[in-house]
Amino acid sequence: MPAPLLVDPAVQLAAVPTNAGAPAAAASTLPAAPAAPAAASGGLRQKADAAANATLAALLPHLAGNDSLPLLDRSAMFAGDISRLLAAYDLTQAVPARSQQSAPEGGVQQVLKAAMSLLGTPYRWGGTSPDSGFDCSGLVGYVFRNALGIELPRVSREMATKADAELIRDRDLLTPGDLVFFGLRGRVNHVGIYVGDGQFLHAPSRGKDVRVDSLATGYWGNRFMQARRVAL
């Protein structure tokens, strides 16, 4: 546990105004000018970056023990995932009221929260836990089981034919929490979880981590086949 931050009392005293009755104090009662949107956005971005750095520093030592990649490579890959997630959201939006923040999480929020917590976990064929690593269907099954107690088929092609989950063929109709399936020549061989903004979270392949990729273009965009919406 990091040592508590000690502040020099002299520094604290230096920060306190020495003339509380001066005209400057009266001036402080004037309404403050609203902060410029750019400044607010920059402040939020700095806080988000700081949170990402703290998360990275906390997770990397735990990942390194079971990892075959050099720590610097793993750090760069994980930091790239965090950067893509930050870029996908508008940090200038107002923060929800406290009463809204304390409201119970819905099923979709629980699934996404559980999925995001696994970013950076190494891929392992047949893996079904954070300790051993994940393959694509092992990751999806773990998230739904631990977040909501929902048991899904073990392999991606069986998930793709799950009769009690709504079939979606148009990627424009996807919503966060949907299972997205990929393959070639009509055969499903990969699955991930849609997280919104045209992106999905998955365990890609050997030597890579659980990460977020684009569903709209590139390798995975060309191999998208369908999606399933599990009732949450």
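Can you work out the FRET efficiency for the pair R206 and L167, with r the C-beta to C-beta distance and R0 = 25 Å, to the nearest 0.05?
0.25
Please find the FRET efficiency linking S117 to N222, where r is the Cβ-Cβ separation and R0 is fixed at 35 Å, and quote it to the nearest 0.05.
About 0.75, to the nearest 0.05.
In region 176-215, whose amide N lies under 11 Å from the spot 7 Å out along Cα-to-Cβ of L232? List them in ranges.
Once the point is set 7 Å along Cα→Cβ of L232, 176-179, 194-196 turn out to lie under 11 Å by backbone N, inside region 176-215.
Select from Y219, S117, I193 the residue farthest towards the positive end of the dipole of region 105-232; place +1 on Cβ of Lys and Arg, -1 on Cβ of Asp and Glu, and compute about the Cα centre.
Selected residue: Y219.
Out of residues 5 or more away from L215 or on other chains, whose amide H comes under 5 Å of its own, with H placed 1.01 Å from N in the peptide plane?
Answer set, sorted by chain and number: Q199, F200.
Every number here is computed from the coordinates shown, using simple stated rules; none is lab data. Since this is a predicted model, take the numbers as computed values, not measurements. Cβ sites come from the backbone with ideal geometry, for glycine too, and all protein chains shown count toward neighbours.
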